[in-house]
1. Leaving ligands, DNA and RNA out of it, report the carbon-plus-sulfur percent of the accessible area of segment 3-153 at a 1.4 Å probe.
2. Mind giving me the FRET efficiency for residue 6 and residue 29? R0 is 22 Å, r the Cβ-Cβ distance, nearest 0.05 is fine.
3. Of the candidates 17, 41, 60, which one comes out as most mobile in a Gaussian network treatment of the chain with C-alpha springs shorter than 10 Å?
4. Return the distance in nm (one decimal) between the two label points of a simple spin-label model at residue 96 and residue 61, each offset 7 Å from Cα along Cα→Cβ.
5. Which FRET efficiency value, to the nearest 0.05, is calculated for residue 16 and residue 136 with the Förster distance at 30 angstrom and r the Cβ-Cβ distance?
6. Please identify the DSSP H helices in the chain that span no less than 15 Å along the helix axis (Cα) and have a mean Kyte-Doolittle hydropathy of -1.0 or more.
7. Antiparallel as a % of all DSSP beta bridges within the chain, to the nearest 5?
8. Search the structure for amide H atoms under 5 Å from the amide H of residue 98, placed 1.01 Å from N in the peptide plane, and list their residues when 5 or more places away or on another chain.
Amino acid sequence: MPLKYVEIANKFKPKAVNTLLIGEAPPANDRTYFYIPKDPVREASISSAIFQHYFGKIPVSIKEYEFMLKQLQKHKIFFIDICDIPLRISNRVYKDSIDPAQLEILRSHIPNLRGKILEREIVIEDENIIFLLPSSHYRTQLRKEFPNSQFYS
């Protein structure tokens with residue numbers, strides 16, 4: 001049974017969001033997700049980057065991971081993805097290590113992202129939206145839609 005990403009994330013959604021972090025899509029394995037505590041956390045993951053940035057460390061247990069998720073919620077920081085279906089855009093099998101079909105799916109969701117944010121009852125200024133690890137393959141499109149947002153690689 002596929003994971004219900006929005007439902008899982010909403011357990012940690014603050015009533016008001018001051019900082020909205022946006023990634024690409026849930027992992028392609030359909031078993032893991034940012035809002036599902038795990039141990040160990042991979043060093044080169046979006047989870048480790050977020051926790052390292054806000055807490056100066058990576059959680060070493062599921063209990064600590066969950067505590068950090070609750071701290072993000074307390075500080076009104078929330079994470080969503082551009083696309084709510086699992087994608088695997090980076091893939092060494094393809095030229096430039098990018099799966100063109102998966103990339104196109106992601107790109108097709110960008111024009112609807114602002115509506116998705118509102119649909120999820122997130123009221124936020126573009127200046128408080130941070131796109132995490134945006135690929136150069138769609139960064140221009142994001143900048144056109146969200147010119148005042150921040151981009152971190």
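The values are calculated or read from the model by the stated rules, or taken from the named source; none is laboratory data. Fair warning: this is a prediction, and the values are worked out from it, not measured in the lab. Here the Cβ is made from the backbone with ideal geometry for all residues, glycine too, and neighbour counts use every protein chain on show. What goes into the accessible areas is simple: the full protein's heavy atoms, side chains included, and nothing from ligands, DNA or RNA. Shrake-Rupley method; radii C 1.70, N 1.55, O 1.52, S 1.80 Å.
1. Reported share for carbon and sulfur atoms: 52 percent.
2. Working from the Cβ atoms, E equals 0.75.
3. Answer for the Gaussian network model of the chain: 60.
4. Output for this residue pair reads 4.5 nm.
5. Efficiency for this residue pair is about 0.35.
6. 62-74
7. About 10 percent, rounded to the nearest 5.
8. Distant-sequence amide H within range of residue 98: 91.
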